[in-house]
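Undergrad: Below is the structure I would like to discuss, written out as structure tokens.
The numbers here are math on the coordinates, done by the rules we state, and not lab data. The structure displayed is predicted, hence computed values, not measured ones. Glycine also receives a Cβ, built like all others from the backbone with ideal geometry; neighbour counts cover every protein chain displayed.
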Ligand code: SF4
């Protein structure tokens, strides 16, 4: 017997660690006013084209070989991102951690598993979205990214945004949201409202970083509200 959509959603919510009764609080995110805010101002370096490679492949190669900031000296692997380059939803985190640096893939480990469950809760998965970070290389000891590193690497994120042209961006965590909005506002002030970010002024919602949610599971219900706002936006006609 196939599982109904409602039953499936309950299952995923439980995997996120959210009690089912909390779904009573589902409501559109309040204050959905758009805010025109540009991305960081670095110019996008045109990908090196040639040899029959696509722009996307050329961009990946460019990131892999990048030495635009000092993080290239300590990284094991660059972390370009994962998912569909035609995705409607682009999730943007902060920077690779130790395991991501080792594997060259974003959001692996416990935080990655939680992110997968968050995506499944809105009927998506990491093959149908694209997941990237503001920085493509790991800051040593997982320190916060420095402004000059964000500035240097923003060219690649801009290029990814221009190529993917997502309908919605979901910023994961304060560092990502502040970088994308060029703001020093606390996360609380950036959540539950629509912003506009990137070269195409793409609608953007801000939510908690999955690693934070692992430490503060009480905030998972708030994250669920953010996800519902994203889900509803994606369901609107293009
Ligand atoms: S963090 Fe970005 S700018 Fe710095 S070396 Fe890595 S890819 Fe290049």
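Undergrad: Taking 7 Å along the Cα-to-C-beta vector as the label spot, tell me the residue 98-residue 162 distance in nanometres, rounded to one decimal.
TA: 3.8
Undergrad: Let me ask another. Work out how much length residue 55 to residue 142 would gain on full extension: take 0.36 nm times their residue separation and subtract the Cα-Cα distance, in nm to one decimal.
TA: Working: separation 87, 0.36 × 87 = 31.32 nm, distance 3.06 nm.
Going from the current span to full extension adds 28.3 nm.
Undergrad: Where does each of 218-224, 199-205 land if you order them by average Cβ count within 10 Å, highest first?
TA: Working: 218-224: 17.7, 199-205: 19.7.
Ranking the peptides 218-224, 199-205 by packing returns 199-205, 218-224.
Undergrad: Let me ask something additional. Multiplying the sequence separation of residue 125 and residue 86 by 0.36 nm and subtracting their Cα-Cα distance, what value in nm do you get?
TA: Numbers: separation 39, 0.36 × 39 = 14.04 nm, distance 1.37 nm.
Working it through step by step, the gained length comes to 12.7 nm.
Undergrad: If I model a spin label as a point 7 Å beyond the Cα along the Cα-Cβ vector, how far apart are those points for residue 74 and residue 200 in nm?
TA: In this crude label model, residue 74 to residue 200 measures out at 3.5 nm.
Undergrad: With a ≥ b ≥ c the root eigenvalues of the C-alpha gyration tensor of the range 133-238, is it rounded (a/c under 1.5), prolate (a/b larger than b/c) or oblate? Mind dumping the intermediate values first?
TA: Details: a/c = 1.92, a/b = 1.10, b/c = 1.74.
Because a/c hits 1.5 or more and a/b fails to exceed b/c, the range 133-238 counts as oblate.
Undergrad: To continue, here is another question. Relative contact order of the range 163-238, please, whole-number percent, based on alpha carbon pairs below 8 angstrom and at least 6 residues apart.
TA: Relative contact order for the range 163-238 comes out at 34 percent.
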